[in-house]
Amino acid sequence: MDKLNLHKNLRNYLIVVLTIAFLYGCNSENDNKYHTEVSIIGAEWYFNGEIINPGSPAEGLLMNVRMVNSVFEDSGPELEKQNPDFNPEENTDEFIKAVPEYVSNGVNAFTISLQGGLPGYEGAVNSAFNSDGTLKPDYLERVEKVIRACDTNNAAVILTLFYQRQHSHESALSGKEAIFKALENTVNWISEKEFTNVVLEISNEYRHGGYQNWPDGEWLRSEAAQVELILRAKELNPSLLLSTSGMGNGLYHEDLAQTADFLLIHFNNTSLEDYQDKIDALKKYNKPIVCNEDHKIKQEGAIALALSVLNGSSWGYMNIKTNQHMPFDFNGVEDDKAVYNMFNAVTTPGYRINPDSLKQTAITITYPNDGDIFTTGQTISIELSHIYPDTSVPYNIVLLINNSQAEAEEKRLQFTWQPQKPGVVILEAVVKNEEGLELYRSPKVDVIVKAPKE
């Protein structure tokens, strides 16, 4: 433990020095000089030619946090109802202030999105693009501030272009041509700015059913489209590292694995007991495996992080309530002490992960996945994983549909559901004791229900 504290203190000191240098140099002639150059050798990540997290369990792994709404704006009418005093610049500045603390506790990268993520309400108009794919200067100014702050603090940025909820408003991309223009304009912007700490994620969960609401959305949801977009970006900037992310089941399509520079997976709907198999299945490509979204928090999140690292995958934390739902909070370690203590531990030289300590009671909806599409009246089998249950006390597993209890039955791991109304539906599973007190809750799963075609 003394070695861990010594390493942490040295790392904190270095971060403070770099931050001071950044603040003093912001208006100097050296504004365009960069400190962090990210690269890949084999299946490992390097900063400035040196492997990251050397001598630690996370050596060569890009430990990351999803902070997509750190550059958020909402130009639509919903913001007035949700938070009329919200200021995009102040929100970004609050995140930047916290960057040194996140990095000093083992974070190597942040996922930042040009179309954000769900802010806790539907209908946000949040996009760095105009409908024709041109870029919005004010939005890009905030993104650049974050990239520069991360660069100064020796961190990378996973920059996401497209997010499925950004449709049906004045800034929504108008179709395939606009999607390509948005990609090309973004890659050219990265090239012109000469950013060296940015890697690009084309689409967040490219198979998500929400993209069906986009013009040419069915094309965008295909592996062929994602490959086409990656190859176009490579033509424009051959040195830019590129990928696109799969769904929460930890799977990745072979066509994408062959084309992408690194494999972006999500673990939201993946049971802890399945991490090893999902990661092992991707090692044959000899490319970095990066989870950049996992909605497991507190001790379960810490175990998810450790299991990913133990099996050779970078891990990405998504704290929806704190970092992604309005009001956005960026409190450093205070966001989730259990998770950030594990970030710190696995990136510390000499630390060893004890596999026997990674047995955590948890419940997960393994099917369906986020973004799956169903029709009203369809019979759907909802499948759960409940690992290391506490058998010393009686318990029930409760299925929640849009926060309303659907069914409860002792130790049941499969439910049958027939949706009756179209819309976005949130599914959760909760373990309760005999008195009805909640013991464990699964990450949420959002699915899309449509009326059957005539």
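Return only the number of the condition from (1) part of a strand (DSSP E or B); (2) buried (at least 21 other Cβ atoms within 10 Å of the Cβ) that Asn323 does not satisfy.
(1)
Based on this model, can you work out whether Val333 counts as in contact (Cβ under 8 Å) with a residue 12 or more places away in the chain, over 23 Å from Gly250 (Cα atoms) and assigned to a strand (DSSP E or B)?
no
Looking only at region 229-246, decide whether some residue is polar (S, T, N, Q) and more than 30 Å from Lys181 (Cβ to Cβ).
The answer is no, given that none of the residues of region 229-246 is polar (S, T, N, Q) and more than 30 Å from Lys181 (Cβ to Cβ).
Which residue, of Glu122, Glu73, is open to solvent by 40 Å² or more (accessible area, probe 1.4 Å) and either within 19 Å of the chain's Cα centre (by Cα) or farther than 23 Å from Asn213 by Cβ (or both)?
Of the residues listed, the single one that is open to solvent by 40 Å² or more (accessible area, probe 1.4 Å) and either within 19 Å of the chain's Cα centre (by Cα) or farther than 23 Å from Asn213 by Cβ (or both) is Glu122.
Quick grid of which residues meet (1) aromatic (Phe, Trp, Tyr); (2) at pLDDT 95 or above; (3) open to solvent by less than 10 Å² (accessible area, probe 1.4 Å):
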{"site": "Glu254", "(1), (2), (3)": "no, yes, no"}
{"site": "Thr270", "(1), (2), (3)": "no, yes, yes"}
{"site": "Gln276", "(1), (2), (3)": "no, yes, no"}
{"site": "Asp280", "(1), (2), (3)": "no, yes, no"}
{"site": "Tyr285", "(1), (2), (3)": "yes, yes, no"}
{"site": "Pro288", "(1), (2), (3)": "no, yes, yes"}
{"site": "Asn292", "(1), (2), (3)": "no, yes, yes"}
{"site": "Ile303", "(1), (2), (3)": "no, yes, yes"}
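May I ask you to list the residues in region 336-357 that are among the charged types (D, E, K, R), free of Cβ contacts under 8 Å to residues at least 60 places away in the same chain and in a loop (DSSP other than H, G, I, E, B)?
Asp336
Restricting to region 358-396, name every residue that is open to solvent by 50 Å² or more (accessible area, probe 1.4 Å) and part of a strand (DSSP E or B).
Matches in region 358-396: Tyr367, Ile373, Thr375, Glu383, Asn396.
Restricting to region 122-143, give me the number of residues that are at pLDDT 95 or above and assigned to a loop (DSSP other than H, G, I, E, B).
12
Quick one: would you say Val449 is surrounded by 15 or more Cβ atoms within 10 Å (Cβ to Cβ), closer than 18 Å to Lys296 by Cα, in contact (Cβ under 8 Å) with a residue 60 or more places away in the chain and in contact with a Pro (Cβ under 7 Å, 6 or more places away or on another chain)?
Against the criterion (surrounded by 15 or more Cβ atoms within 10 Å (Cβ to Cβ), closer than 18 Å to Lys296 by Cα, in contact (Cβ under 8 Å) with a residue 60 or more places away in the chain and in contact with a Pro (Cβ under 7 Å, 6 or more places away or on another chain)), Val449 does not qualify.
Residues of region 106-120 being more than 28 Å from Glu170 (Cβ to Cβ) and either part of a loop (DSSP other than H, G, I, E, B) or free of Cβ contacts under 8 Å to residues at least 24 places away in the same chain (or both), which ones?
Gly106, Val107, Asn108
The values are calculated or read from the model by the stated rules, or taken from the named source; none is laboratory data. Since the model is a prediction, treat every value here as computed from it, not as a measurement. Counting neighbours? That spans all protein chains shown, and the Cβs are built from the backbone with ideal geometry, glycine included. For the accessible areas, the whole protein counts, side chains as well, though only heavy atoms, and no ligand, DNA or RNA atoms are used. Shrake-Rupley method; radii C 1.70, N 1.55, O 1.52, S 1.80 Å.
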